[in-house]
C-alpha cells in the first residue's frame, strides 16, 4: 500500500495511507489542498524553493508566485534553513 507523508520530516512524522487521506480532504477546496501541498513540500525541503518546485513539478517562478500570494494573505511560509 502506498503511503503519503502529511507532516514535516523528523521525529514523530506521520504517514497515512490514501484511504486515510481522502476523508481529510473532503470539504476542502482545490486551492486549499494545493496550498497545503505546497507548504508541506516546502517544509519537507527545508524551505529550498528550487528543490520544492522540482518535487511539485512546477517552475521556480510559479512556486515563487504562489508563495507571494500566500504571504500576502498572511499565511506563514516555511523559510529556507541551512
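Could you check the simple spin-label distance between residue 29 and residue 62, using points 7 Å along Cα→Cβ, in nm with one decimal?
Those two pseudo-labels are separated by 2.0 nm.
Per 0.36 nm of contour for each residue apart, how much would the distance between residue 19 and residue 36 grow if the chain were fully extended, relative to their Cα-Cα spacing?
Numbers: separation 17, 0.36 × 17 = 6.12 nm, distance 1.82 nm.
Here the segment from residue 19 to residue 36 would lengthen by 4.3 nm.
Every read-out reported here was derived from the displayed coordinates using simple, explicitly stated rules and does not represent laboratory data. Bear in mind the structure is a predicted one, so any value in this text is a computation, not a measurement. So basically every Cβ, Gly included, is an ideal-geometry build from the backbone, and we count neighbours across all protein chains shown.
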